[in-house]
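K.L.:
If you scroll down you'll find the structure; I have some questions about it.
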Amino acid sequence: MSLNSRKKTNLSIWQVIIIGIAYMTPMTVFDTFGIVSKLTEGRVPLAYLLALAAVLFTALSYGRMVKLYPSAGSAYTYARNVCGNNVGFLVGWSSLLDYIFLPMINSLLAGIYLQTLLPAIPPWISILAFTTLITYINCCNIKILANVNFLFVGMPVILMGVFVYLVVHDLDTAYGTGRVLTVTPLFNGNASILPLISGAAVLCFSFLGFDAVTTLSDETDRPENVIPKAVFYTALIGGAIFFLAAWFIQLYYPDNAMFKNPMEAMPEIVLYVGGRFFQTLFLLGILLNTVASALASHASAARLLHIMGKNNPVTAPVLGYIHPKTRNPLYCVLLTGFISLSSIFFDLDTAVSLISFGALVAFSAVNLSVIVKFVFVDKQISTFSDLFRNMVLPVCGLACVAMMWVNLDHDAFMLGSIWAVLGISWIIYCSVTQREVMISE
């Protein structure tokens, strides 16, 4: 039994968007601020605007493809239908790095945060408890997950609102209204463009996950209408949250002079604005944000495993299974949870580097799929409108993704390439033994 053959769960567009925003982890703006402020010479909000514009080009390409192929599987499904089984498998295989390792990262982060809040508990126990809870919730109906995520996303956003209020109140009290009503955070007296591009390239990685909502296509009514809007609005709303938060942080901290450690500035940002108690509340909010991201990323990873697994003749009986009551890919959910537990033995840098490679492969593949499908297969380039939609927009998306590829960490590229070579080796093995890489549909 597959997701396609069962009754729809009928997630609403806002439930899908909430899952997407949870995946993106809005509070990451506080973690990266010190790094990007240094890169951009104090223009983090403008760098976020550039990153958002870059991401929206790829979001449009996702929207085009999901209208044609309204089923779960994301970049894997689009590449497979447009370019064939082998290319589709390789894209899906590489994308697994993004989908599988993000739940691991969330488990790692939860262990770090819980160690700060509860130092007496060993990190491995915190990771085990956290991963078990996330896996259990994902074993339930997807609507329960969506509603729980609404709470876990809402609370951190409220805390961010309190942070904004404290910034405005402090600056207005100390310096007057003129310090608040200013466009200084946008330009900060600097017109150079190259530092902005470097900062935007880093911030593009904050948007990883806007595409993950495409894996929920089989659990929405009329996905060809709902999912394209959800992809675009997830990126847009997430970008708006990032921009507003960065604006007020930059307003309070024009540069990094106040930070003892700009690379890990989040605790100091919150401490100076709201004091020790607010800092503790904020850490709890970040933990909730991590729970929300873990739930969303776990769900997306399980569904990509399901789609790829049911199309493989070896794994189809297990990974293709759908629980008749909860109507989710149960074994894929459990497998994702088991893989997440390996975070006990991983370090954060290694896991993060693998995510970036997988996401960029997916983004590149989706933009290329639009060009191949509409320009070379369907030859829809007879009018200026067709040429703009089918060639110019996805090429802009590819150019923006290329900017991210150039700024990708060397270790991420090497580890991701090794993973991709393993996928290519499987394709070659199947070709030599005349086995099917994927079951043809």
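The values are calculated or read from the model by the stated rules, or taken from the named source; none is laboratory data. Values in this document were obtained by computation on a predicted structure and should not be read as measured data. With ideal geometry, Cβ positions are generated from the backbone for all residues, glycine too; neighbour counts draw on all protein chains shown. Ligands, DNA and RNA are excluded from the accessible area calculation, which covers all protein heavy atoms including side chains. Shrake-Rupley method; radii C 1.70, N 1.55, O 1.52, S 1.80 Å.
K.L.:
Yes or no: region 171-180 includes at least one residue that is open to solvent by 30 Å² or more (accessible area, probe 1.4 Å), closer than 18 Å to F243 by Cα and in a helix (DSSP H, G or I).
P.N.:
No, every residue in region 171-180 fails to be open to solvent by 30 Å² or more (accessible area, probe 1.4 Å), closer than 18 Å to F243 by Cα and in a helix (DSSP H, G or I).
K.L.:
Could you run through region 259-275 and say how many residues are open to solvent by 20 Å² or more (accessible area, probe 1.4 Å) and modelled with pLDDT of 90 or more? Explain how you work it out, then say what you get.
P.N.:
Going residue by residue through region 259-275, those that are open to solvent by 20 Å² or more (accessible area, probe 1.4 Å) are 260-264, 267-268, 271-272, 274-275.
In the following step, the residues that additionally are modelled with pLDDT of 90 or more were identified as 268, 271-272, 274-275.
Counting residues in region 259-275 that are open to solvent by 20 Å² or more (accessible area, probe 1.4 Å) and modelled with pLDDT of 90 or more gives 5.
K.L.:
So, in region 377-417, exactly how many residues are part of a helix (DSSP H, G or I) and surrounded by 11 or more Cβ atoms within 10 Å (Cβ to Cβ)?
P.N.:
Looking only at region 377-417, we keep the residues that are part of a helix (DSSP H, G or I), and these are 377, 384-406, 410-417.
Then drop every residue that is not surrounded by 11 or more Cβ atoms within 10 Å (Cβ to Cβ), which leaves 377, 386-405, 411-417.
Count: 28.
K.L.:
Those residues that are farther than 19 Å from K38 by Cα and within 13 Å of the chain's Cα centre (by Cα), I need them from region 204-231; list them, please. Give the steps one after another, and end with the answer.
P.N.:
First, pick out the residues of region 204-231 that are farther than 19 Å from K38 by Cα: 207-231.
Selection gives F207, L208, G209, F210, D211, A212, V213, T214, T215, V231.
K.L.:
Okay, moving on. Filter region 251-267 for residues that are touching a Phe, Trp or Tyr at 6+ places or on another chain (Cβ under 9 Å) and free of Cβ contacts under 8 Å to residues at least 60 places away in the same chain; which is farthest from L186 (Cα to Cα)?
P.N.:
So, considering only residues that are touching a Phe, Trp or Tyr at 6+ places or on another chain (Cβ under 9 Å) and free of Cβ contacts under 8 Å to residues at least 60 places away in the same chain, the one farthest from L186 (Cα to Cα) is P267.
K.L.:
Could you look through region 229-258, keep only residues that are farther than 30 Å from G397 by Cα and not aliphatic (A, V, I, L, M), and pick out the one that is least open to solvent (accessible area, probe 1.4 Å)? If you could, list the steps in order and put the result at the bottom.
P.N.:
Keep residues of region 229-258 that are farther than 30 Å from G397 by Cα, which gives 251-258.
Remaining after also requiring not aliphatic (A, V, I, L, M): 252-256.
On the way: Y252: 43, Y253: 1, P254: 55, D255: 82, N256: 28 Å².
Within region 229-258, the match that is least open to solvent (accessible area, probe 1.4 Å) is Y253.
K.L.:
Here's something else I'd like to know. Only residues that are open to solvent by less than 10 Å² (accessible area, probe 1.4 Å) and at positive phi: list them for region 208-228, please.
P.N.:
G209
K.L.:
OK, next. Quick check on my filter: what residues within region 291-322 are free of Cβ contacts under 8 Å to residues at least 60 places away in the same chain and open to solvent by 10 Å² or more (accessible area, probe 1.4 Å)? Before you say what the answer is, go through the steps one by one.
P.N.:
Kept after step one, since they are free of Cβ contacts under 8 Å to residues at least 60 places away in the same chain, are these residues of region 291-322: 309, 314-315, 317-319.
Once the filter is applied, which keeps residues that are free of Cβ contacts under 8 Å to residues at least 60 places away in the same chain and open to solvent by 10 Å² or more (accessible area, probe 1.4 Å), region 291-322 yields V314, T315, P317, V318, L319.
K.L.:
Just for region 194-207: of the residues that are touching a helix residue (DSSP H, G or I) at 6+ places or on another chain (Cβ under 9 Å), open to solvent by 20 Å² or more (accessible area, probe 1.4 Å) and of a type in the set (A, V, I, L, M), which one is farthest from N289 (Cα to Cα)?
P.N.:
For region 194-207, the residue satisfying everything is I197.
K.L.:
Report, ordered by the first and then the second residue, all pairs with beta carbons closer than 7 Å, sequence separation of six or more or different chains, a first member in region 337-357 that is modelled with pLDDT under 80, and a second member that is among the aromatic types (F, W, Y) and open to solvent by 20 Å² or more (accessible area, probe 1.4 Å).
P.N.:
Cβ pairs passing all conditions: A351/F101; L354/F101; I355/F101; S356/F205.
K.L.:
Is one or more of the residues making up region 371-386 in contact with a Cys (Cβ under 8 Å, 6 or more places away or on another chain), among the aliphatic types (A, V, I, L, M) and at pLDDT 85 or above? Working first, answer last.
P.N.:
First pass over region 371-386, keeping only residues in contact with a Cys (Cβ under 8 Å, 6 or more places away or on another chain): 372.
Narrowing further to those that are among the aliphatic types (A, V, I, L, M): 372.
Applying the additional criterion that residues be at pLDDT 85 or above yields 372.
Yes - at least one qualifying residue is present in region 371-386.
K.L.:
Taking A120, is it open to solvent by 50 Å² or more (accessible area, probe 1.4 Å), among the aliphatic types (A, V, I, L, M) and part of a loop (DSSP other than H, G, I, E, B)?
P.N.:
On the way: open to solvent by 50 Å² or more (accessible area, probe 1.4 Å): yes; among the aliphatic types (A, V, I, L, M): yes; part of a loop (DSSP other than H, G, I, E, B): yes.
So A120 fits the description; yes.
K.L.:
I need the full set of residues from region 248-272 which are among the polar types (S, T, N, Q) and within 17 Å of M27 (Cα to Cα), in order please. Walk me through how you get there before you give the answer.
P.N.:
Narrowing region 248-272 to residues among the polar types (S, T, N, Q): 250, 256, 261.
Hit for region 248-272 is Q250, nothing else.
Residue by residue, here is whether (1) over 30 Å from N312 (Cα atoms); (2) modelled with pLDDT of 90 or more holds:
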position: S37; (1), (2): yes, yes
position: L52; (1), (2): yes, yes
position: Y78; (1), (2): no, yes
position: D98; (1), (2): no, no
position: N106; (1), (2): no, no
